[in-house]
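Below is one structure, written out as structure tokens; comments come after it.
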Amino acid sequence: MPVPAPLGTPEEFHLMLVDLANEFAPRRFAICEEYGDRLDGGVFAWGVAFQDSALLRRDGRTSAGHFTDAESALRLFTRTGRRLRLIWIDPPTPTPNPVDHGVVMPLNRQ
């Protein structure tokens, strides 16, 4: 079986990996707690959201959690009566447009 040829130059391959890492990078978030009627607030937990799950870590503690998404973590902890808010730290990753990558999508003609 022949060995496949390398993809592009070393620099091009590096840029492909950078694009891949940026496209699938997890998003950071915090679940913040409000004390009183806007009297004070703090970070209840820090999180990292992946495409199919989210990980949560309480600041200064050993507890961690695995959730389907950031919103499900928020729902769970607000059941305790805490006044919590989900704060996204990283902006959402833009959905790539196939045309931008030179991919032509065939029309579904019947």
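Can you compute the modelled spin-label distance between ARG82 and ARG58, with each label point 7 Å from Cα toward Cβ, in nm?
So the label points at ARG82 and ARG58 sit 0.7 nm apart.
Karplus couplings for region 9-25 from phi (6.51 cos²θ - 1.76 cosθ + 1.60, θ = phi - 60°), rounded to Hz, Gly and Pro as x?
For region 9-25, the Karplus curve yields 6, x, 5, 5, 5, 4, 5, 5, 5, 4, 4, 4, 5, 5, 5, 10, 5 Hz.
So for the pair CYS32, MET16, with labels modelled 7 Å out along Cα→Cβ, what separation do we get in nm?
About 4.2 nm separates the two model spin labels.
For ARG83, list long-range residues whose amide hydrogen, built 1.01 Å from N in the peptide plane, is under 5 Å from its own amide hydrogen.
GLU34
Separation between the VAL43 and THR68 pseudo-spin-labels, each 7 Å from Cα along Cα→Cβ, expressed in nm?
Roughly 2.7 nm, to one decimal.
The numbers here are math on the coordinates, done by the rules we state, and not lab data. Bear in mind that the values here come from a model prediction, so they are computed numbers and not experimental data. When we count neighbours, we look across all protein chains shown, and the Cβ atoms used for this are built from the backbone with ideal geometry, even at glycine.
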